[in-house]
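**Student:** The structure's right below; bear with me while I get my questions together.
The values are calculated or read from the model by the stated rules, or taken from the named source; none is laboratory data. Owing to the predicted nature of the structure, the values given are computational and were not obtained by experimental measurement. A quick note on method: Cβ atoms are made from the backbone with ideal geometry, for glycine too, and the neighbour counts reach across all protein chains shown.
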Amino acid sequence: MSSYFTDLAQQYIDGEWRPGTGSWEIIDFNPYDGEKLASITIATVDEIDQAYRAAARAQKEWAEAGPFARRAVLEKALLLLEEREQELTEVIIAELGGTHVKAGFELHLAKEFLREAASLTMRPEDRLIPSPDPGKENRLYRLPVGVVGVISPFNFPFLLSLKSVAPALALGNAVVLKPHQDTPVAGGSAIAKLFEDAGLPAGLLNVVITDIAEIGDAFLAHPVPKVISFTGSDKIGRHVATVCAQHFKRSVLELGGNSALVVLDDADIDYAVDAAVFSRYVHQGQVCMAANRVLVDRSIADTFTAKFVAKVKSLKAGDPRDPQTVIGPVINASQAESISGTVEQALAEGATALVRGTTTGNLVEPSVLTDIPADSGLLRQEVFGPVAFLIPFDGEEEAVRLVNDTPYGLSGAVHTGDVERGIRFAQRIDTGMFHVNDGTVHDEPLVPFGGEKNSGVGRLNGETTLDAFTTLKWISVQRGRSGFPF
């Protein structure tokens, strides 16, 4: 693992590993014990330009190489990922404080998405479309957009980088990837090394490790990329969308959430407890689909609450290297302070703490809060940490109203003994995804992933990826002579 934080602590531009030329360094820390993993001299605006120019030069030949050549590289990358799974598990644990369970979850999905990307190479199809004009032949070609810029977050950096990088490459594009500065290796360098060793030609994947304090909007506004794929907060996503619109670029935005897990009066309570605890506390709650709010029918609220609280109290918090640990550290001190502040604010507003975890460094223990005032802004915002809000409701109508009372619309779940009742409930919720008798945290390679309202624009995965990373071109052929009015 140590070689990842020494050999790969660099920029990767046009097939070369090299230091940035900025005047300062990003320090990569282990969030659990504060160990310095690496220091990386940042990329400047000039290196952003070099990366995009290299991508543009390499892309046309890659597109012309055809789907079988592209598939061979992606299949090789999958084999290498399988071989390196243990090393990458250690990277995820060290760099972002992921537990063994979390690392396994992330890498399992990464392998599935690479398999789908290899298949995606064969998916684009050209079409012949009828014309009302005699002798006219309409051909519709699905083509790569050219160069895609990818900005990935810190919570699932390997998976969420790969989710855009792999399909963009599969469809004949080149990519410039900017990982989050807290996870430059798991979210950037490790992926570059994977594809380099899989035989991806130089220039097709570039990784720039930098900070907006250095580059401003240069990554977004550069003239080369035609699509920017961004995963992160809705605040930054709004800015990304604005800059892209100013430059007539397409943006794919996978943003935050404020999901609810709803337990109706006929639910299997023990199963609902298990689903709710996982949905709220997986990876310390640093998941856009996490169940910030757990809504329970008042008729079963006491029973559910007692079992939920007991299970939360059993979750082991501590060193993520310990396979028994369920709750590891959050990514940095700023996040830890923000989460602690959320709990303090809720208590000041009149909430009751059924479980109140302590914060030591970046290790934030789980909290469970109830009696949150109905008008509290905390119920309508994303809480990116291990804090659950338990909310009783009276009947389905109130549950639907409460679930939809948020500016977000990403995921959610409902538990009921009647599946058709659950489906009817799900259809009334303003989200891009909703799950019946399951958790709120799901991602699958063939199913469109994305949100409504402030949770994003566009979809990824499966067929929707074609719309994200390709464009359509109409070429008409007139056989015989057209008639013109003058």
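**Student:** Against the conditions (1) more than 30 Å from Pro157 (Cβ to Cβ); (2) aromatic (Phe, Trp, Tyr); (3) under 24 Å from the mean Cα position of the chain (by Cα), where does Tyr408 fall short? Just the number, please.
**Tutor:** Going through the list (1) more than 30 Å from Pro157 (Cβ to Cβ); (2) aromatic (Phe, Trp, Tyr); (3) under 24 Å from the mean Cα position of the chain (by Cα), Tyr408 breaks only (1).
**Student:** Checking Asp430 against (1) modelled with pLDDT under 95; (2) among the acidic types (Asp, Glu); (3) in contact with a helix residue (DSSP H, G or I) (Cβ under 6 Å, 6 or more places away or on another chain): exactly one of these is not met. Which one?
**Tutor:** Tallying (1) modelled with pLDDT under 95; (2) among the acidic types (Asp, Glu); (3) in contact with a helix residue (DSSP H, G or I) (Cβ under 6 Å, 6 or more places away or on another chain), Asp430 fails exactly one: (1).
**Student:** Given Glu214, Glu254, which one is buried (at least 22 other Cβ atoms within 10 Å of the Cβ) and in contact (Cβ under 8 Å) with a residue 60 or more places away in the chain? Reasoning before the result, please.
**Tutor:** Working: Glu214 fails: buried (at least 22 other Cβ atoms within 10 Å of the Cβ).
Result of the check over Glu214, Glu254: Glu254.
**Student:** So Ala468 ticks every box in (1) touching a Cys at 6+ places or on another chain (Cβ under 7 Å); (2) closer than 28 Å to Arg139 by Cα but one. Which box is left unticked?
**Tutor:** That leaves (1) as the condition not met.
**Student:** Name the residue, out of Ile300, Ile372, that is touching a strand residue (DSSP E or B) at 6+ places or on another chain (Cβ under 6 Å) and surrounded by 14 or more Cβ atoms within 10 Å (Cβ to Cβ). Quick ask: steps written out before the conclusion?
**Tutor:** Details: Ile300 fails: touching a strand residue (DSSP E or B) at 6+ places or on another chain (Cβ under 6 Å).
Ile372 is the lone residue from the list that is touching a strand residue (DSSP E or B) at 6+ places or on another chain (Cβ under 6 Å) and surrounded by 14 or more Cβ atoms within 10 Å (Cβ to Cβ).
**Student:** Please find, among Glu344, Glu337, Glu396, the residue that is touching a residue at least 40 places away in the same chain (Cβ under 8 Å) and either in a helix (DSSP H, G or I) or under 28 Å from the mean Cα position of the chain (by Cα) (or both).
**Tutor:** Answer to the check: Glu396.
**Student:** Applying the selection to segment 231-287, what residues are in a helix (DSSP H, G or I) and of a type in the set (D, E, K, R)? Walk me through how you get there before you give the answer.
**Tutor:** Initially, segment 231-287 is screened for residues in a helix (DSSP H, G or I), giving 234-246, 269-285.
Passing the criteria: Asp234, Lys235, Arg238, Asp270, Asp274, Arg280.
**Student:** Which of the numbered conditions does Glu349 fail, given that it passes all the others? Conditions: (1) surrounded by 17 or more Cβ atoms within 10 Å (Cβ to Cβ); (2) without any contact (Cβ under 8 Å) to a residue 60 or more places away in the chain.
**Tutor:** (1)
**Student:** What are the residue pairs meeting all of these: first residue in segment 183-207, first residue closer than 17 Å to Phe5 by Cβ, second residue surrounded by fewer than 24 Cβ atoms within 10 Å (Cβ to Cβ) and among the basic types (Lys, Arg), Cβ atoms under 8 Å, and 6 or more apart or on different chains?
**Tutor:** Going by the 8 Å Cβ cut-off, the qualifying pairs are Leu194/Arg84.
**Student:** Consider Asp7 against the criteria (1) assigned to a loop (DSSP other than H, G, I, E, B); (2) buried (at least 16 other Cβ atoms within 10 Å of the Cβ): it satisfies all of them except one. Which criterion is unmet?
**Tutor:** In the conditions (1) assigned to a loop (DSSP other than H, G, I, E, B); (2) buried (at least 16 other Cβ atoms within 10 Å of the Cβ), Asp7 misses (2) alone.
**Student:** Hey, can you tell me all the residues within segment 347-391 that are among the small types (Gly, Ala, Ser) and in a loop (DSSP other than H, G, I, E, B)? Don't jump to the end; show me each part of the working.
**Tutor:** Our first condition is that a residue be among the small types (Gly, Ala, Ser); within segment 347-391, this holds for 348, 350-351, 353, 357, 361, 367, 374, 376-377, 385, 388.
Scanning segment 347-391 gives Gly350, Ala351, Gly357, Gly361, Ala374, Ser376, Gly385.
**Student:** Can you find a residue that is buried (at least 24 other Cβ atoms within 10 Å of the Cβ), outside any loop (DSSP other than H, G, I, E, B) and touching a His at 6+ places or on another chain (Cβ under 7 Å) anywhere in segment 185-199?
**Tutor:** yes
**Student:** Right, another one. State all residues of segment 444-486 that are surrounded by fewer than 19 Cβ atoms within 10 Å (Cβ to Cβ) and of a type in the set (Lys, Arg); if no residue qualifies, say none.
**Tutor:** Listed by number, the residues that qualify are Lys453, Lys473, Arg479, Arg481.
**Student:** Another one. Can you tell me which residue among Gly432, Gly385, Gly412 is crowded, with 22+ Cβ neighbours inside 10 Å and in contact with a Phe, Trp or Tyr (Cβ under 9 Å, 6 or more places away or on another chain)?
**Tutor:** None of the other options fit; the residue is Gly412.
**Student:** With the structure loaded, tell me whether Glu396 is of a type outside the set (S, T, N, Q), under 28 Å from Thr303 (Cα atoms) and touching a helix residue (DSSP H, G or I) at 6+ places or on another chain (Cβ under 8 Å) or whether it fails that test.
**Tutor:** Spelling it out, Glu396 is indeed of a type outside the set (S, T, N, Q), under 28 Å from Thr303 (Cα atoms) and touching a helix residue (DSSP H, G or I) at 6+ places or on another chain (Cβ under 8 Å).
**Student:** Show the residue pairs meeting these rules: Cβ distance below 6 Å; 6+ apart or different chains; first residue within segment 273-288 and modelled with pLDDT of 95 or more; second residue charged (D, E, K, R).
**Tutor:** Val273/Lys307; Val273/Lys311; Val277/Lys311; His283/Lys102
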